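**Q** First, the structure itself, so that you have it in front of you.
The values are calculated or read from the model by the stated rules, or taken from the named source; none is laboratory data. None of the values given here were measured: they were computed from a predicted structure. Note: ideal-geometry Cβ built from the backbone for every residue, glycine included; neighbour counts use all protein chains shown. What goes into the accessible areas is simple: the full protein's heavy atoms, side chains included, and nothing from ligands, DNA or RNA. Shrake-Rupley method; radii C 1.70, N 1.55, O 1.52, S 1.80 Å.
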Amino acid sequence: MLMWDIITRSAATFPTNTAVIFRDQPTSYAELKIAIERLAAGMLQSGIVRGDRVAILLPNCTPFLLAYYASTKIGAICVPANPQLKPAELEYIWRDADIKMVFTVAPLLPIVQAARTRIPALTTVISVNPAEEHQDRELINSISGFSTLNEMMSAGENALTDGMDSAVFSPELDEKSCAVVIYTSGTTGHPKGAMLSHFNLTRNVEQIQGVLKFTDRDKFITILPLYHSFAATVCMNTALAGGCTTVLMENFAPAKTLENIEKHGVTIFAGVPAIYNALLHFPADREYDLSSLRLFVSGGAPLPAATLKAVEARFNVPVLEGDGPTECSPVTSVNPLDGVRKVGSVGPAAPDVEIAIFDDADNPLPMNEIGEIVVRGDNVMIGYLNQPEATAEAMTSGWYHTGDLGYLDSDGYCFIVDRKKDMIIAAGLNIYPREIEEVLYTHEAIQDVAVIGVPDAKRGEEVLAVVIKKPGFEVTERALISFCREKLANYKVPRSVLFRDTLPRGSTGKVVKRLLKKELDLGV
């Protein structure tokens with residue numbers, strides 16, 4: 001199955017269903033298919049051919065979907081990126097991917113222009129804004145190969161009317177060929193481009209469909225960024241493959257999110273722990289009708305048990321926690337909708353996905369023993385772009401090594417203990433920060449927390465808890481240490497506590513402990 005099949009099948013089966021709502025503007029599946037075909041034809045007219053890499057530097061919006069599916073329809077490779085990246089960061093990614101065309105928005109054109117100075121392959125820049133919205137004519141005139149989305153689609157419509165070669169417009173593609181490259185943030189050095197095939201992505205869609213059990217009447221709300229694999233697969237590919245509606249938001253704002261759920265009758269909400277935490281502590285100025293909601297999905301980072309229970313209690317909606325890295329398209333496991341949901345677990349393996357626990361020598365470990373979580377299945381990436389050594393290292397023994405530490409229980413449910421690189425070793429003892437964080441989340445005064453290891457001359461490392469207090473609550477360092485001592489072995493108890501107003505986060509809200517250590521001048 002190819003990515004384009006998602007659109008063609010849903011447009012044939014659900015032509016009048018609303019596929020996407022953006023800024024309250026609905027687009028049906030029939031309209032979406034026509035718009036994608038026009039853009040794809042326009043891209044071909046502009047010189048994009050099979051195998052070319054096309055960058056998408058956009059916030060959540062309908063044109064993101066058009067660029068994504070138009071690229072993959074004609075055999076080009078889609079490379080989404082975070083619009084908040086700086087020119088030097090974009091330049092690295094775009095040079096590595098050999099980008100030929102970029103889709104972006106008017107406010108980002110100066111950044112695009114700055115990034116492309118040393119990328120000779122990048123010949124075309126497409127702004128999704130209409131021509132009349134571009135006030136800086138001097139900037140526009142300085143950008144070679146500049147065009148607008150409307151102009152590109154108009155050219156494509158003319159080409160289709162004139163009779164475009166069907167072999168070019170609808171090429172025979174190998175489903176095992178690369179469709180999308182998503183650059184992972186990594187923990188050190190430059191990001192790596194995970195190459196995901198049509199087969200990887202569409203199989204992961206089928207795997208998710210088998211768990212979430214939704215119908216074409218369901219409505220997703222997409223507040224997570226589509227350039228991230230979680231949102232792209234769950235809220236875009238899976239939703240569209242099922243004939244559902246996805247309500248796009250450009251960013252997360254609690255009041256606007258609740259308003260959109262109410263207005264559009266949203267049934268499925270996908271978020272990360274930071275978003276659920278924000279909703280719990282949002283001082284709403286009125287009651288919102290959220291009765292349409294039937295399911296919360298959490299991923300991107302481990303969801304503290306205390307947060308999960310509080311969300312379910314407040315909204316009376318079940319939370320399905322799942323997991324998976326970008327390299328796995330990304331979903332590898334999820335708690336079942338029908339069956340046992342285990343708090344603290346990311347669930348059993350998704351259908352046709354295998355999960356195992358390995359020791360450092362790649363030997364399988366028995367149930368309930370902690371080791372590295374490894375995965376294999378149809379959803380696992382082709383490899384890292386231009387990095388055969390990194391690919392070989394990640395795929396040792398034929399399994400993708402996630403870098404997460406965890407264990408499988410007797411029912412095959414996976415429990416993530418921590419990131420392998422975040423584990424603290426104090427006086428030779430392994431300490432898992434997440435275990436301490438889970439305890440601190442149960443304290444009434446704690447809104448957010450990150451536990452890290454800090455250098456210690458005698459013990460190698462010591463435990464430091466960095467916490468954000470809930471508004472209106474006061475608590476001391478001594479009180480929190482005493483609280484932990486009642487619930488944890490002494491060697492796990494934080495030796496110190498720092499209070500902060502914010503924690504450094506990545507694009508999906510996950511605390512970036514490497515940056516936290518850098519901010520605290522603890523090294524990385």
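**Q** State whether one or more residues within segment 237-247 are under 13 Å from the mean Cα position of the chain (by Cα), modelled with pLDDT of 95 or more and either more than 23 Å from R314 (Cα to Cα) or buried (at least 24 other Cβ atoms within 10 Å of the Cβ) (or both).
**A** The answer is yes; a qualifying residue exists.
**Q** Next question, about the same structure. Restricting to segment 418-435, name every residue that is more than 12 Å from V454 (Cα to Cα), open to solvent by 20 Å² or more (accessible area, probe 1.4 Å) and under 23 Å from the mean Cα position of the chain (by Cα).
**A** R419, K420, K421, R434
**Q** Within segment 266-310, take every residue that is of a type in the set (F, W, Y) and open to solvent by 30 Å² or more (accessible area, probe 1.4 Å) and give me the one that is farthest from K213 (Cα to Cα).
**A** Of everything passing the filter in segment 266-310, F282 is farthest from K213 (Cα to Cα).
**Q** Here's a follow-up. Scan segment 326-347 for residues that are closer than 27 Å to R217 by Cβ, open to solvent by 10 Å² or more (accessible area, probe 1.4 Å) and not basic (K, R) and jot them down.
**A** Hits for segment 326-347 are V331, V334, P336, L337, D338, G339, V340.
**Q** Given E133, E138, E172, which one is in contact (Cβ under 8 Å) with a residue 24 or more places away in the chain and charged (D, E, K, R)?
**A** Of E133, E138, E172, the one residue that is in contact (Cβ under 8 Å) with a residue 24 or more places away in the chain and charged (D, E, K, R) is E133.
**Q** Something else about it: Looking at segment 237-251, which of the residues that are outside any helix (DSSP H, G or I) and touching a helix residue (DSSP H, G or I) at 6+ places or on another chain (Cβ under 6 Å) is farthest from K213 (Cα to Cα)?
**A** V247
**Q** If you check K256 against the conditions, is it under 30 Å from T184 (Cβ atoms), among the basic types (K, R) and modelled with pLDDT of 95 or more?
**A** yes
**Q** Here is a list of conditions, (1) assigned to a helix (DSSP H, G or I); (2) on the phi > 0 side of the Ramachandran plot; (3) not hydrophobic (A, V, I, L, M, F, W, C), and E327 meets all of them except one; can you say which number that is?
**A** Going through (1) assigned to a helix (DSSP H, G or I); (2) on the phi > 0 side of the Ramachandran plot; (3) not hydrophobic (A, V, I, L, M, F, W, C) one by one, E327 breaks only (2).
**Q** Would you please name the residue that is nearest to D52 (Cα to Cα), looking only at residues in segment 117-161 that are of a type outside the set (D, E, K, R) and open to solvent by 70 Å² or more (accessible area, probe 1.4 Å)?
**A** P120
**Q** Can you tell me which of G47, G51, G75 is open to solvent by 20 Å² or more (accessible area, probe 1.4 Å), in a loop (DSSP other than H, G, I, E, B), farther than 20 Å from T184 by Cα and touching a residue at least 60 places away in the same chain (Cβ under 8 Å)?
**A** Going through G47, G51, G75 in turn, the sole match is G47.
**Q** Right, another one. Residue under question is L58, and the condition is that it be assigned to a helix (DSSP H, G or I), modelled with pLDDT of 95 or more and open to solvent by less than 40 Å² (accessible area, probe 1.4 Å); does it hold?
**A** When the stated conditions are applied, L58 does not pass them.
**Q** Turning to a different aspect of this structure: Which numbered condition in (1) open to solvent by less than 40 Å² (accessible area, probe 1.4 Å); (2) at pLDDT 95 or above; (3) not acidic (D, E) is the only one that R95 fails?
**A** It fails just one condition, (1).
**Q** In the set T307, T332, which member is polar (S, T, N, Q) and touching a strand residue (DSSP E or B) at 6+ places or on another chain (Cβ under 6 Å)?
**A** Going through T307, T332 in turn, just one is polar (S, T, N, Q) and touching a strand residue (DSSP E or B) at 6+ places or on another chain (Cβ under 6 Å): T332.
**Q** Evaluate the following for L258: is it in contact (Cβ under 8 Å) with a residue 24 or more places away in the chain, open to solvent by less than 20 Å² (accessible area, probe 1.4 Å) and in a loop (DSSP other than H, G, I, E, B)?
**A** no
**Q** Within segment 311-325, how many residues are open to solvent by 20 Å² or more (accessible area, probe 1.4 Å) and either in contact (Cβ under 8 Å) with a residue 40 or more places away in the chain or within 21 Å of M236 (Cα to Cα) (or both)?
**A** Selection size over segment 311-325: 3.
**Q** For segment 283-322, which positions are modelled with pLDDT under 95 and part of a strand (DSSP E or B)?
**A** none
**Q** Can I ask one more? State all residues of segment 226-236 that are in a helix (DSSP H, G or I) and farther than 16 Å from T332 by Cβ; if no residue qualifies, say none.
**A** A231, C235, M236
**Q** Pick from segment 447-462 the residues that are touching a residue at least 24 places away in the same chain (Cβ under 8 Å) and closer than 13 Å to K513 by Cα: which of them is surrounded by the most Cβ atoms within 10 Å (Cβ to Cβ)?
**A** It comes out as V451.
**Q** Additional query: Do we have any residue at all in segment 471-483 that's open to solvent by less than 30 Å² (accessible area, probe 1.4 Å), in a strand (DSSP E or B), touching a residue at least 24 places away in the same chain (Cβ under 8 Å) and closer than 23 Å to V417 by Cα?
**A** Checked against the condition, which is being open to solvent by less than 30 Å² (accessible area, probe 1.4 Å), in a strand (DSSP E or B), touching a residue at least 24 places away in the same chain (Cβ under 8 Å) and closer than 23 Å to V417 by Cα, segment 471-483 yields no hits at all.
**Q** Across segment 410-439, what is the number of residues that are farther than 21 Å from C328 by Cβ, in a loop (DSSP other than H, G, I, E, B) and touching a strand residue (DSSP E or B) at 6+ places or on another chain (Cβ under 9 Å)?
**A** Total satisfying the criteria: 4.
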